[in-house]
Amino acid sequence: AVHFNVVSRPNVLVKTAHVIKERGELSEAKQLQLDFWTEFRDLLLEKNVLPSAQTPGPRYWFDVALGKRGVYLSNIANTTEGRLGIRVYLQHENADNLLAELESQKNEIESELNEELQWNPNPDHTHKVIALYRDVELADRAKWPEYLEWMVDRVAKFRSTFGPRVKQLP
């Protein structure tokens with residue numbers, strides 16, 4: 001039988017070009033988000049925060065796995081409201097119970113992160129979030145290095161703080 005070994009796969013630029021081709025021409029906001037997430041992904045990998053990361057897309061979010069199905073870090077770049085954020089996103093069928101379990105450790109989590117978080121700011125939604133936001137001027141690309149460092153630093157801290165806890169959730 002013939003056995004094939006994959007020697008190379010499409011790189012991020014090829015995948016991104018394919019996404020753009022499928023969706024047509026991008027609006028200014030979508031292009032901004034695509035460029036921001038591309039730089040964000042590159043910095044995450046350069047600083048070894050993640051061993052691998054998703055292909056950036058022209059959208060307001062960029063997700064990072066946390067080790068449990070339905071629970072992940074959802075990073076956001078909201079061009080309309082002018083804010084960046086990092087959220088522990090509980091899209092799990094048991095989201096209410098998972099949130100309660102994590103919230104029982106609120107003081108320790110916030111102490112480890114040295115941040116005060118928003119715990120479930122939208123209680124009526126079925127999906128639950130634990131969030132940290134920052135106001136930004138995303139259109140000002142000169143400020144991106146500061147914003148990207150802030151985001152990458154928070155992803156590293158959130159992964160080290162929430163990752164072990166999420167893996168232990170029932």
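Taking 20 Å as the straight-line reach from the Cα of Lys143, the aspartates and glutamates in range (excluding those fewer than 8 positions away in the same chain) are Glu28, Asp35, Glu39, Asp42, Glu46, Glu81, Asp135, Asp153.
Overall shape: oblate for the chain, with the ratio a/c of the largest to smallest alpha carbon gyration tensor axis at 1.5 or above and b/c at least equal to a/b. What net charge is computed for the residues neighbouring Ile76, neighbours being all others with C-beta under 9 Å from the C-beta of Ile76, Lys and Arg scored +1, Asp and Glu -1? Charge balance near Ile76 sits at +2.
Taking all protein chains in place and a 1.4 Å probe, what share, in percent, of the accessible surface of the chain do carbon and sulfur account for? Result for the chain: 47 percent of the exposed heavy-atom area is carbon or sulfur. Summing charges over all other residues whose Cβ lies under 12 Å from the Cβ of Asn97, with Lys and Arg as +1 and Asp and Glu as -1, gives -3. Using just its DSSP H runs of length 4 or more, each adding -39500 (n - 2.57), the chain gives a mean residue ellipticity at 222 nm of -14000 deg cm²/dmol after division by all residues. In terms of the mean number of neighbouring beta-carbon atoms within 10 Å, the peptides 35-46, 132-143 order highest first as 35-46, 132-143. Under 5 Å from the amide H of Asn120 lie the amide H atoms of Val129, Ile130, Ala131, each residue being 5 or more positions distant or on a separate chain, with H modelled from the backbone and absent for Pro and chain starts. Highest-first packing order for the peptide set 88-94, 64-70 is 88-94, 64-70, based on the mean count of other beta carbon atoms within 10 Å. Fully extending the segment from Arg69 to Ala142, taken as 0.36 nm per residue of separation minus the present Cα-Cα distance, adds 22.6 nm.
The values are calculated or read from the model by the stated rules, or taken from the named source; none is laboratory data. Since this is a predicted model, take the numbers as computed values, not measurements. Reconstructed Cβ throughout: ideal geometry from the backbone, glycine too, with neighbour counts over all protein chains shown. Accessible surface is based on the protein model in full, side chains and every heavy atom, while ligands, DNA and RNA are left aside. Shrake-Rupley method; radii C 1.70, N 1.55, O 1.52, S 1.80 Å.
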